[in-house]
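Throughout, read-outs are computed from the coordinates displayed, never taken from laboratory work. Keep in mind that this is a model prediction, so the values were computed, not measured. Here the Cβ positions follow ideal geometry from the backbone for every residue, glycine too, while neighbour counts run over all protein chains shown.
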Amino acid sequence: MKKVIILTGMPGSGKSTAAMEFSKLNVPIIGMGDAVRKEMRRRGIEINNRSIRLFSKRMTEKNGKKYVIDLVKKELLETFKTHDTAVLDGSRRLSEVEEVKREGYKPIILGIIADKETRFSRIIKRKNESDFSSYKEFEWREKLELGYGVAEVIASADYYVDNSKNKKEFIMHIKSFLSKVKTLK
């Protein structure tokens, strides 16, 4: 059975860092946030912290909770033509996990955990186009993410990795996790 490693966690927890490590280990990455940003660019919508969140919220309200997972289904199908395992980076809803199951894949949820202060500090330093610049915006995004249902996905994780401290240790745990996944049927 094809396996989908579903990365979940609060903003700044280290999902992208984990995805980069999986990529170095030759596991294809499908970014849910990337798919949303791609759709926004296609529509000519400016991308920033607020616009990406509001676009996702509006499109999910209009098209249902499967909106974002539907954006990546074709990419997932293509990936499985040449790979047995893929990473789905950034799941925020249990309905996305259920859709992975409905498509006939085995979802394996990896919850990435980091304390709030560490996450805020990381986000301020990385400065990507969909991030924020103030603690007030950070709190707004946290509340929005929780409203999507990310806490339920994190709580449903099959495995957890703490990314509050040492990056080397975090990477070691990612590699160890992948070894476990490869042995699963």
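Note on the chain: with a GNM built from Cα contacts shorter than 10 Å, the maximum mean-square fluctuation among Gly64, Gly12, Gly31 falls on Gly64. Looking at the stretch 77-174, the GluC sites (Glu not before Pro) that sit in a DSSP loop and have at most 14 other Cβ atoms within 10 Å of their own Cβ are Glu129. For the stretch 153-185 versus the stretch 48-64, the spacing of their alpha-carbon centroids is 29 Å. Residues whose amide H lies under 5 Å from that of Ile5, counting only those 5 or more places away or on a different chain, are Ala86, Val87, Leu88, Ile108; hydrogens are built 1.01 Å from N in the peptide plane. The length gained on full extension between Ser156 and Asn128, counted as 0.36 nm times the residue separation minus their Cα-Cα distance, comes to 7.2 nm. Restricting the trypsin sites (Lys or Arg not before Pro) of the stretch 67-167 to loop positions (DSSP other than H, G, I, E, B) with no more than 11 neighbouring Cβ atoms within 10 Å leaves Lys81, Lys127, Lys165. Pop a pseudo-label 7 angstrom from the Cα along the beta-carbon direction at both Met172 and Glu75 and give the gap in nm to one decimal. For Met172 paired with Glu75, the spin-label model returns 3.2 nm.
Among the GluC sites (Glu not before Pro) within the stretch 1-61, which fall in a DSSP loop and have no more than 15 other Cβ atoms within 10 Å of their own Cβ? Those that pass, being in a loop and sparsely packed, are Glu46.
Summing charges over neighbours of Val153, with a neighbour being any other residue whose Cβ is under 14 Å away from its Cβ, gives -2 when K and R count +1 and D and E count -1. Would you mind checking Lys74/Lys182; Lys38/Lys81; Lys81/Lys175; Lys62/Lys136; Lys81/Lys143 for any pair whose Cα atoms are more than 32 angstrom apart? As for pairs spanning more than 32 Å Cα to Cα, those are Lys81/Lys143.
Near Val97, within a Cβ-to-Cβ distance under 12 Å, what is the net charge of the other residues, with Lys and Arg +1 and Asp and Glu -1? Once all neighbours under 12 Å are counted, the net charge is +1.
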